[in-house]
Structures are given as structure tokens and as C-alpha cells.
1. Comparing Ala37, Ala12, Ala69, which has the greatest mean-square fluctuation in the GNM of the chain with Cα pairs linked when under 10 Å apart?
2. For Rg and Dmax of the Cα atoms in Å, several values are listed as (1) 18.2, 71; (2) 17.6, 59; (3) 16.8, 56; flag the one computed from this structure.
3. Taking the Cα centre of the range 109-196 as the origin, how large is its charge dipole in debye, to the nearest 20, when only Lys and Arg (+1) and Asp and Glu (-1) carry charge on their Cβ atoms?
4. First select every other residue whose beta carbon is under 15 angstrom from the beta carbon of Gln25; then total the charges, Lys and Arg +1, Asp and Glu -1.
5. With every protein chain left in place, what is the accessible area of Met1 in Å² (1.4 Å probe, nearest 10)?
6. Could you please report the charge total around Leu44, scoring K, R as +1 and D, E as -1 over all other residues with beta-carbon less than 14 angstrom from its beta-carbon?
7. How large is the accessible surface per residue of the chain, computed with a 1.4 Å probe and reported in Å² as a whole number?
8. If you roll a 1.4 Å probe over the range 1-104 with all protein chains in place, what percent of the accessible area is carbon or sulfur?
Amino acid sequence: MRTVLIGAGNLATHLGLALKQSGFQMVQVYSRTHESASALASSLQCPYTISLHEILPDAQFYVFAVRDAVLEELAQQVAQVLPSECPDRQGANALFVHTAGSMSLNVLPFRRRGVFYPMQTFSKERQVDFSSIPVFVESPTDEAFLFELARRVSQKVMVLNESQRGILHVAAVFACNFTNHMYHLSASLLESHGIP
């Protein structure tokens with residue numbers, strides 16, 4: 001499946017590698033910066049672009065793996081250069097997904113759209129076994145298909161609607177951040193009593 005990865009951060013890096021290892025044909029990486037786009041494209045052995053107008057129009061799968069704060073605006077910009085609703089455009093039958101746990105799939109202004117949410121904190125420096133990372137999917141048009149795509153990269157795939165995914169995301173953020181805060185409090189307590 002011809003795949004364009006939009007984003008080149010921590011999640012995009014790990015997901016891109018997992019998709020490639022699972023047989024997806026990575027045809028392009030888009031990122032705002034030359035450095036991050038070229039680094040990930042080199043790892044995936046595919047071309048890259050830093051221009052929205054150069055995003056390939058003939059891919060079958062477009063994955064937005066970007067920060068929540070920029071997702072909606074970026075999706076709108078991509079829709080302007082690659083309208084999915086025009087039957088005479090090559091991108092008309094592509095599936096567009098985002099990877100954000102806390103965002104609605106409706107931020108994607110494409111006919112075929114969905115969510116592909118891997119529930120994991122990622123760091124470029126730390127290797128992960130993507131097959132063990134839970135992936136949560138949702139799509140009004142392609143749920144069964146998206147589920148099968150997710151099964152190619154993870155053994156733990158589940159369909160969750162937007163409300164359920166939001167609760168899951170909040171719970172995961174709370175567990176991760178609260179644990180880190182407790183470590184900080186413990187260290188402060190020990191330090192205040194002269195204990196290393």
C-alpha cells in the first residue's frame with residue numbers, strides 16, 4: 001500500500017519503520033523542517049518534501065503523525081492541495097488517518113478518514129516492539145479495513161469510538177504524568193532530609 005507519512009517526530013519515526021517492516025510501501029515523508037524530513041526519509045529509504053504542494057497525490061494511505069495542536073490546520077492545508085472529494089483527482093480514493101488519541105476523526109476533511117492511535121509514549125532514542133503496542137482504530141467508512149491494516153503492525157488492535165478513546169487518552173496521560181510527579185515528590189522528600 002503506497003503510504004505518505006505526514007510528520008517526522010517521535011511517533012512518526014517509530015510508526016514509519018513499523019509500517020515499512022510490515023510491507024507498506026513508504027513513498028514519501030512530509031515535515032516542516034528539512035532536517036527531520038530528510039532523517040526519517042533516509043531511514044525509510046523514500047523521498048521527502050517540506051512543501052505541502054509537493055505531497056504525492058497518488059498514495060493510497062496518508063498518515064498524519066503530528067502534534068495535536070497543528071493537526072486540524074495541517075489537515076485543512078493538505079485538503080487544499082490534495083482534495084479527496086474530487087473524483088478526477090488521484091487522491092480521491094485514499095484513506096487518511098491521524099494518530100492522535102484526544103482528537104476527533106472529524107478534524108480530517110476527507111471522505112475516507114479514520115484514527116490510528118498507538119497508545120505509547122515514544123522517543124527516537126528508545127527502540128520499541130511495535131507489535132506489542134496497543135493500537136486503537138476508528139473510521140466511519142473503513143473500520144474493518146483499518147483494523148486489518150493495524151493488525152499488520154500490532155498484535156493488540158481494538159476499535160474505540162471517539163468518546164472511549166478520549167477517556168483512554170486521559171487515563172494514559174494521567175498514569176504516566178502522575179507517576180513521574182510521584183517520583184519527583186519522592187526525590188524532593190529524600191533530598192530535604194539529606195538522603196541520596
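The values are calculated or read from the model by the stated rules, or taken from the named source; none is laboratory data. All values derive from a computational prediction rather than experimental measurement. All Cβ positions, even for glycine, are placed from backbone atoms using ideal geometry, and neighbour counts span all protein chains on display. Areas reflect the complete protein model, heavy atoms only, side chains present, ligands, DNA and RNA absent. Shrake-Rupley method; radii C 1.70, N 1.55, O 1.52, S 1.80 Å.
1. Ala69
2. Given (1) 18.2, 71; (2) 17.6, 59; (3) 16.8, 56, the calculated one carries the label (1).
3. Numbers: 9 positive and 8 negative charges, 58 e Å.
That gives a dipole near 280 debye.
4. Numbers: positive: Arg2, Lys20, Arg152; negative: Asp58.
Net of charged neighbours comes to +2.
5. Approximately 50 Å² of Met1 is accessible to the 1.4 Å probe.
6. Details: positive: Arg2, Lys20, Lys124; negative: none.
Around Leu44, the charge tally is +3.
7. Working: 10250 Å² over 196 residues.
Averaged over the residues of the chain, the accessible area is 52 Å².
8. Details: 2110 of 4540 Å².
Roughly 46 percent of what the probe reaches on the range 1-104 is carbon or sulfur.
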